[in-house]
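J.: The structure follows.
Derivation of every value follows stated rules applied to the coordinates shown; laboratory data play no part. Since the structure is predicted, the reported quantities are computational estimates derived from the model, not experimental observations. Glycine also receives a Cβ, built like all others from the backbone with ideal geometry; neighbour counts cover every protein chain displayed.
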Amino acid sequence: MSITVALLKYFNIYQRASLVILAALRRFYLRHSLAIALNT
């Protein structure tokens, strides 16, 4: 039981971290493409 609970907690933390990283990457990519569009 405790192993499954620990795995669920770890998976939940990993999912949140991946969502945060994906959001940051998307924001960075949008800002970068916008800067390129403004430079041309």
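J.: Could you check the simple spin-label distance between L25 and V5, using points 7 Å along Cα→Cβ, in nm with one decimal?
T.: 3.3
J.: Right, next: Output the Kirkwood hydrodynamic radius of the chain, Cα pairs only, in Å rounded to one decimal.
T.: 12.3
J.: For the range 14-25, what does the Karplus curve 6.51 cos²θ - 1.76 cosθ + 1.60, with θ = phi - 60°, yield as ³J(HN,Hα) per residue in whole Hz, taken in order and with x for Gly and Pro?
T.: Once rounded to whole Hz, the list reads 5, 5, 5, 5, 5, 5, 5, 5, 5, 5, 5, 5.
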